[in-house]
Each structure stands twice: as C-alpha cells, then as structure tokens.
C-alpha cells in the first residue's frame, strides 16, 4: 500500500510521514518528493551556467525551496510530463511507500487512477499560511482522511497512533 500525505507548505506533512513510518507497521518514509527533485530543479535553475551549478551545494538549494515555490512547482510539473504526471513519484516509491509534497491535482488523480497511491491524508495546521493556487492545486477535499496539526508534537503523534490502531483493526488497509 502506498500512502500520499498532502497539505500546504509548513503544515507538517514530513513530520506526519515520519511518525506514520515509526508507528504504522509496513510503512516506510525517507524523504519528501522535493528532496528527490532537488537535483532536477537545481540543474534547471543553473542551466547555462555549468560552473556555477558545479559550485552550488544542492542541499542548500533544497533548504531554500520555500522561497522559490513557483519555480519548483513548474520544474516538477515539467519533469513529470514525461510519464503522465507521475515520473518523480515513481522514483520516490522505489525507496519508500509514503509520498509527501504533491501539489498538482492532475498528478494526484493520475497516481490514484494508475493504482500507485491507495490512500491520501491531508495535514492541516490552523493559523499557518496557505499557499497560492499557482503552487498548490489541492485541498482537503482531495484527501481520504484529514489530520489536524493544531497542538504539540506529542498530541500529533497521539493522533497518528490512534489512526494506526484503526488501520491495524482493518488489515486490508495495511501494506502487504
């Protein structure tokens, strides 16, 4: 089973994915989709400047991704166009079965249509900024479940633990 954790930037998707991989049997998570895309995005950003690209630390570029959301969104969209909008996500799923950071509606729908993603979880954090439609096409109605990240890390972990017990009670929902 592959799970997709979606939501606005800085709302806790990676934290939720990490907790799920710790608490839910059979789920693995290493990095968000932006980590897998960092070399692709960095290469495009520095296209025509190979010396500058060679000198630039890709991890620093990744850490600054929030300042360049539209460029990241467009570059990932262009990369994904080679495989019906899902190329990057297939790359990610070779190492894990939790995806985070999908922002384009057609990509999420294609993942579901192809049976690549089985379940989606929306993470919402009240009081935190929402992304513009130019970089986030999804909403909580696109998810199967919603988790409110409205307290401490301890309370978030407790919510995920409760969800784990629900999933474990229905073995059909767990990865085989």
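The values are calculated or read from the model by the stated rules, or taken from the named source; none is laboratory data. Keep in mind the model is a prediction, meaning the values are calculated, not measured. Note that each Cβ is placed from the backbone with ideal geometry, even for glycine, and that neighbours are counted across all protein chains shown.
Residue 158 versus (1) over 14 Å from residue 13 (Cβ atoms); (2) without any contact (Cβ under 8 Å) to a residue 60 or more places away in the chain; (3) in contact with a helix residue (DSSP H, G or I) (Cβ under 6 Å, 6 or more places away or on another chain); (4) not in a loop (DSSP other than H, G, I, E, B): which is the lone unmet condition? For residue 158, the failing item is (3). Look at segment 1-27 and say how many of its residues are modelled with pLDDT under 90 and assigned to a loop (DSSP other than H, G, I, E, B). The number of residues fulfilling the criteria is 7.
Identification of helices (runs of 4 or more DSSP H) wholly contained in segment 37-153 with 1 or more residues that are out of contact with any helix residue (DSSP H, G or I) (no Cβ under 9 Å at 6 or more places or on another chain) and surrounded by 13 or more Cβ atoms within 10 Å (Cβ to Cβ) yields 69-80, 105-113.
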